[in-house]
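Just so it is clear, none of the values below were taken in a lab; they were calculated from the coordinates. Since the structure is predicted, the reported quantities are computational estimates derived from the model, not experimental observations. Please note: Cβ atoms are built from the backbone with ideal geometry, for glycine as well, and neighbour counts cover all protein chains shown.
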Amino acid sequence: MDKPDWDFFVSYAQADWRWAEWIAWQLEESGGFQVLFQAWDMVPGTNLVVGMQNGVIRAQRMIAVVSDEYTHAQFGTAEWHSAFSADPSGFTRKLLAVRVEDCARPGLLGQVVPVDLFDKAEDDARAELVRWARLAVSGGRAKPASAPIFPGLFTDGPPPPFPGAASKVSLEQAAEPAGNEEDSDGDVGAPTGGEPPDRASTDRTPAGEVPTAGASTAGASTAGAPPGGVTVSAGRDIYGPGQTTGPTTYNFGARPADNST
């Protein structure tokens with residue numbers, strides 16, 4: 001077989017010939033490589049043993065189509081042994097182990113970093129195969145073209161918006177209390193908590209009257225409270241505007257004079 005050297009020789013078990021042919025086709029048509037493939041090149045009239053010998057010796061690299069069947073195939077084992085012994089350190093990437101099923105890789109075959117094609121869509125498998133084949137030939141690295149995202153900032157979701165002028169909120173807007181939004185007619189509506197707008201003028205405790213449980217006021221005000229004291233609603237004044245369901249109204253009034261002495 002007086003031919004120039006091939007880029008790859010595909011070693012496979014007969015049970016995996018469909019995978020082997022798909023791999024050989026993708027390497028030639030998508031990757032632009034020269035591939036020695038038994039079903040295409042060792043046609044009737046050629047010497048099978050010589051053809052396999054040429055693949056092992058004259059091809060620059062070997063692709064082992066790894067499956068459970070392949071790890072038990074005598075010829076396949078002899079072929080990958082030859083490629084491994086020619087480059088035991090993996091420096092020239094003489095042997096590419098391409099797994100087509102999730103299986104164990106016995107002995108020294110398990111020390112070769114594999115390319116996994118199983119459980120992938122065809123386009124993804126093609127891209128993966130051609131990518132690693134090109135890196136094997138070039139001796140290149142798998143460094144990405146763009147910088148990775150710093151993992152200390154975000155684990156998922158979009159990044160925060162740019163804090164420029166378009167996203168600034170004025171101090172007046174930030175300080176404006178919630179609720180009391182104007183409707184389309186310019187009238188002031190009810191607060192967001194659902195409280196009527198005139199609640200502040202109708203919910204005060206009458207002067208001289210002791211507040212009852214559940215009563216609320218418009219705020220911490222001395223108007224209408226017992227002399228020397230302030231009435232505070234546990235709903236609104238402690239927990240915030242719009243909270244009118246507080247269980248208790250407290251009176252912080254002046255303590256009566258102690259006449260015991």
Margin query: Looking only at the stretch 112-155, filter to residues that are under 27 Å from His81 (Cα atoms) and basic (Lys, Arg); which one of those is surrounded by the most Cβ atoms within 10 Å (Cβ to Cβ)?
Written below: Arg126
Note to self: Give all pairs with beta carbons closer than 9 Å in which a residue from the stretch 72-83 that is farther than 17 Å from Leu48 by Cβ meets a residue that is surrounded by 15 or more Cβ atoms within 10 Å (Cβ to Cβ) and among the basic types (Lys, Arg); count only pairs at least 6 apart in sequence or on separate chains.
What the structure shows: Ala83/Arg61; Ala83/Lys94
Check: In the stretch 84-107, is there at least one residue being in a helix (DSSP H, G or I), touching a residue at least 40 places away in the same chain (Cβ under 8 Å) and of a type in the set (D, E, K, R)?
Finding: no
